[in-house]
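One structure is given below, encoded as structure tokens.
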Amino acid sequence: MITLALVLVAVIVVAAVILSILSVPFLIILGLLPWALTVLGIILLIKALFEKPVRWENFMPAVIAFVVSAVLRWIF
């Protein structure tokens, strides 16, 4: 019984270490994603302004990037 408890504690500790190592890059990506989407939205907005003829459909990717960025900033 004691051996089983020690094995389970070791498994839990190893699982916690592995999950914490994997979560750090994920948290960094989630932290930088709103800023990257804002930059992408600006680039897409400039691209849409230079396309001829100027149509509202050209601005939709920029609008979507800005909306997703705002939602991510609101959530996190």
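Observations
- Its relative contact order, with pairs defined as Cα atoms under 8 Å and 6+ residues apart, puts the chain at 32 percent.
- A viscosity of 0.692 mPa s and a temperature of 37 °C, combined with the Kirkwood radius over C-alpha pairs in the Stokes-Einstein formula, give the chain a diffusion coefficient of 210 µm²/s.
- By a 1.4 Å probe calculation restricted to protein chains, residue 12 has an accessible surface near 120 Å², given to the nearest 10.
- Listed residues 39, 54, 11, most fluctuating in the chain (Gaussian network, C-alpha, under 10 Å): 11
- In degrees, nearest ten, helix 60-75 long axis to first principal axis of the chain (Cα): 40
The values are calculated or read from the model by the stated rules, or taken from the named source; none is laboratory data. This one's a predicted model, so the numbers in the text were calculated from it and none came from an experiment. We work out accessible area using only protein heavy atoms, side chains counted, and drop any ligands, DNA or RNA first. Shrake-Rupley method; radii C 1.70, N 1.55, O 1.52, S 1.80 Å.
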